[in-house]
1. Of all accessible surface on the range 11-141 at a 1.4 Å probe, what whole percent is carbon and sulfur?
2. On a 1.4 Å probe surface of the protein chains, which of Arg211, Arg140 comes out largest in accessible area, and what is the full order?
3. Under 17 Å from the Cα of Lys154, which aspartates and glutamates turn up, not counting those fewer than eight places away in the same chain?
4. If I build a Gaussian network model for the chain, linking alpha-carbon pairs within less than 10 angstrom, which residue out of Lys120, Lys63, Lys37 has the largest mean-square fluctuation?
5. Using a Gaussian network model on the chain with a 10 Å cutoff between Cα atoms, which of Glu276, Glu46, Glu160 fluctuates the most?
6. Dipole of the range 102-232, Cα-centred, from +1 at each Lys and Arg C-beta and -1 at each Asp and Glu C-beta, to the nearest 20 debye?
7. Please give, to one decimal in nm, the separation of the simple spin-label points placed at Asp98 and Ile290, each 7 Å out from Cα toward the Cβ.
8. Evaluate the distance, in nm, between pseudo-label points positioned 7 Å from the Cα of Tyr54 and of Met91 along their respective Cα→Cβ axes.
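The values are calculated or read from the model by the stated rules, or taken from the named source; none is laboratory data. Keep in mind the model is a prediction, meaning the values are calculated, not measured. Reconstructed Cβ throughout: ideal geometry from the backbone, glycine too, with neighbour counts over all protein chains shown. Side chains included, ligands, DNA and RNA excluded: accessible areas come from the protein's heavy atoms. Shrake-Rupley method; radii C 1.70, N 1.55, O 1.52, S 1.80 Å.
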Amino acid sequence: MEKELFYNEIKNRVEDFYGDRAKVTTHVVTKNNGLLKRALCVKINESNCSPTIYMDDFYHDYKDGKKSVNDVSEEVIGTFEKYIITDNVDMSFFENYDSISHEICFKIINRDKNRDRLEKMPHRVIEDLAVTYFVSLNTRGLDGSIQIKDDYLKVWGVCEEDLFEAAIENTPRLFPSDIISMKEFLLRKSEDTFLANLLPENGMFVVSNVRYTNGASVMLYPGILKKMGEVFGSNYYIIPSSVHELIFVKELSVDKDAGELLKMVKCVNSTCVKSEDILADSLYYYDRTIENSVKKVE
């Protein structure tokens, strides 16, 4: 079954399940790095909110023979049933900056791969990366977030600097950092201890937040870069593993030169990282003699 037929079949089955109780729609959404994804939404008639499920991975599973159409439709409907919102959600809080200022957070994305999106979003540039802002809805008992766009700043009467000041305080509080050695990280992920035991204890760290979602932003948390310099006792490289985590590598523990590390980053991005999760085909260097000095390695 071709892609469009697949999407329509799943949409029809969801419509049959909900009948007249809800409106089911599909549309194309531009995600991180310009990736276009097919979204399926269900809005209960009495509600003003509609949870979204992206269908692309389901189609790949179907094409690869991992799931049948029945499997997919049952999983999609089950997910909607879990997260469906049956009542109106009061969104008036979003109209007042003071009511959401304590929920504003930042994340880091690739600047060049998101140029079109960034034209409509407040942001600041750090080397070839861009810091963008969102309102986390978790403290309100809702899953998800709302991306902040330029239009909202006009309504709130604030500027990008106001967003950054709020986010630099809120993001570490709402998404605490999780920094562990690569050795411990591998032991968490696998029962095979062979590779983990080959690594030095403090030469390489995985840096993210406790949710491992948009965790690359941890590099902006106050004091993190300086603290890691103290742990290493030297300058270090920052490998952009993905938008979700970074790898900090002690300079003195690197057998290869920076050029070889950069080749490794590009190779991993092209073979192991999902397109929407790629942060950058770059390598960064932290000089601990200059506070907050992160430079792209040329």
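1. 45
2. Details: Arg211 115, Arg140 90 Å².
My answer, sorted largest first, is Arg211, Arg140.
3. Glu95, Asp98, Glu119, Asp162
4. Looking only at Lys120, Lys63, Lys37, the biggest GNM fluctuation is shown by Lys63.
5. Glu46
6. It works out to roughly 160 debye.
7. For Asp98 paired with Ile290, the spin-label model returns 4.2 nm.
8. 2.0
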